[in-house]
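The values are calculated or read from the model by the stated rules, or taken from the named source; none is laboratory data. The model shown is predicted, which means the values in this text are computed figures rather than measured ones. Please note: Cβ atoms are built from the backbone with ideal geometry, for glycine as well, and neighbour counts cover all protein chains shown. Areas reflect the complete protein model, heavy atoms only, side chains present, ligands, DNA and RNA absent. Shrake-Rupley method; radii C 1.70, N 1.55, O 1.52, S 1.80 Å.
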Amino acid sequence: ITSNINPSELNVQVKRLRETASGACTIRCSTKEDIQKLKAEAERKLRGKYDIEETKLRNPRIKIVGFEGEMAEKDIELLIKKQNSFFEEGDTLKVTYIKKYKNGTSNIFMECSTNLFAKIMREKKLYIEWERFHVYEDLSILQCFKCCRLYHKNNECENDITCPCCGEMHERKDCTRQGVKCINCFNANAKYKTKYDVNHEADSHKVCPTYQYHLNILKSKIDYGS
């Protein structure tokens, strides 16, 4: 594709071009308009040689924290729409699941349309009945408590126990903290020749380059609008 198409001639801004393990090529652009331009050019020049598809992005998701009481999902959706004045025609909001805790509170997870998500993130809170609840983007990657690797849970893990503090094979409670090392960044450097700083704990997500790398991949699959 790079030898047949010049993005500068199309006035297209390409954020990233990468080859997947299956041999496919994925391209991320700045706007939907840029995607359409690039897709049209690829279809004109490469049709018949390659399958060209536009990736369908999923809607953003949010979580409402600390909700108390029992309420049907449809009633929650209706109350939020009625009590929060920034809702407009075409805004959609749907409860995906509710996680209940032993203290009687729940976190409500929802999917919403792109424009509504932007408005909710500006407000950071939503009114429901007699309270106003904190709202966060539901954006996280599974991390195993046993081996610290990503994309699986500890009850599915077949790896050795790995300390999130020092990367050695023992539990956190047994760590003497002689030094701090993230096992995920250490493995990435060894396998992919990256130069990530490994001097942090494996579950320190805000400063972990490996976690942030995969978080950016997740974000690239979400429709935040142009």
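For this structure, a couple of remarks:
- Within the option set 28, 18, being touching a residue at least 24 places away in the same chain (Cβ under 8 Å) and either loosely packed, with under 12 Cβ neighbours inside 10 Å or outside any helix (DSSP H, G or I) (or both) holds for one residue only, 28.
- Residue match in the stretch 92-108 (condition: assigned to a helix (DSSP H, G or I), of a type in the set (A, V, I, L, M) and open to solvent by less than 20 Å² (accessible area, probe 1.4 Å)): no
- Selection count where residues are surrounded by 14 or more Cβ atoms within 10 Å (Cβ to Cβ) and either closer than 30 Å to residue 202 by Cα or among the hydrophobic types (A, V, I, L, M, F, W, C) (or both), scope the stretch 119-130: 4
- Scanning the stretch 182-225 for residues that are more than 17 Å from the chain's Cα centre (by Cα), open to solvent by 70 Å² or more (accessible area, probe 1.4 Å) and either within 28 Å of residue 61 (Cα to Cα) or touching a residue at least 12 places away in the same chain (Cβ under 8 Å) (or both) turns up 186, 197, 199.
- Residue selected from the stretch 131-156 under the condition of a type in the set (Ser, Thr, Tyr) and part of a loop (DSSP other than H, G, I, E, B), by the criterion most open to solvent (accessible area, probe 1.4 Å): 151
- Any chance residue 55 is of a type outside the set (Lys, Arg) and open to solvent by 60 Å² or more (accessible area, probe 1.4 Å): yes
- Odd one out for residue 87, checked against (1) within 22 Å of residue 129 (Cβ to Cβ); (2) part of a loop (DSSP other than H, G, I, E, B); (3) in contact with a helix residue (DSSP H, G or I) (Cβ under 8 Å, 6 or more places away or on another chain); (4) open to solvent by 60 Å² or more (accessible area, probe 1.4 Å): (4)
- Residue pairs whose Cβ atoms lie under 8 Å apart, separated by 6 or more positions or on different chains, with the first residue in the stretch 155-176 and closer than 11 Å to residue 145 by Cα and the second open to solvent by 30 Å² or more (accessible area, probe 1.4 Å) and assigned to a helix (DSSP H, G or I), are 163/172; 163/174; 164/172.
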